[in-house]
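Quick notes on the structure that follows.
The values are calculated or read from the model by the stated rules, or taken from the named source; none is laboratory data. Just so we're clear, the structure is a prediction, and the values are computed from it rather than from any experiment. No Cβ is skipped: glycine too gets one built from the backbone with ideal geometry, and neighbour counts run over all protein chains shown. Areas reflect the complete protein model, heavy atoms only, side chains present, ligands, DNA and RNA absent. Shrake-Rupley method; radii C 1.70, N 1.55, O 1.52, S 1.80 Å.
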Amino acid sequence: MKNLRLKSARAAKDMSQQQLADEVGVSRQTINAIEKGDYNPTINLCISICKVLNKTLDELFWEN
């Protein structure tokens, strides 16, 4: 399932995939794969992404 909330939150902060990847210490391809729903990130990576984007785990990663 695509993670459009992550993509939207990243865009709202005017960040590229590369910038987010650099902030959390992964490759741009990893961020791309998470957004496309092709990769299930670890909880630690999820937390790092949330901190950078000022979002909660529920806001970015919880499925309704």
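Tabulated data
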{"quantity": "Segment 1-38: trypsin sites (Lys or Arg not before Pro) in DSSP loop, at most 15 other beta carbons within 10 Å", "calculated": "2, 13"}
{"quantity": "Pairs of Lys in the chain closer than 13 Å at Cα, counting only those 8 or more apart or on different chains", "calculated": "5"}
{"quantity": "Estimated [θ] at 222 nm from DSSP helical runs (n ≥ 4, -39500 (n - 2.57)) normalised by residues in the chain, nearest 500", "calculated": "-18000 deg cm²/dmol"}
{"quantity": "Coil-residue GluC sites (Glu not before Pro) of segment 7-64, DSSP, other Cβ within 10 Å capped at 12", "calculated": "63"}
{"quantity": "Cut-off 12 Å between beta-carbons: net charge of the residues surrounding residue 23, Lys and Arg +1, Asp and Glu -1", "calculated": "+3"}
{"quantity": "Radius 13 Å from Cβ of residue 32, net charge of other residues (Lys, Arg +1; Asp, Glu -1)", "calculated": "+3"}
{"quantity": "Qualifying chymotrypsin sites (Phe, Trp or Tyr not before Pro) in the chain, DSSP loop, other Cβ atoms within 10 Å at most 14", "calculated": "62"}
{"quantity": "Cα gyration tensor shape for segment 1-45, rounded if a/c is under 1.5, else prolate or oblate", "calculated": "oblate"}
{"quantity": "Sum of side-chain charges, residue 53 neighbourhood, beta-carbon under 12 Å (Lys, Arg +1; Asp, Glu -1)", "calculated": "+3"}
{"quantity": "Simple label model, 7 Å out from Cα along Cβ direction - residue 39 to residue 62, nm", "calculated": "2.5"}
{"quantity": "Segment 1-58, accessible surface, carbon-and-sulfur percent (1.4 angstrom probe)", "calculated": "47"}
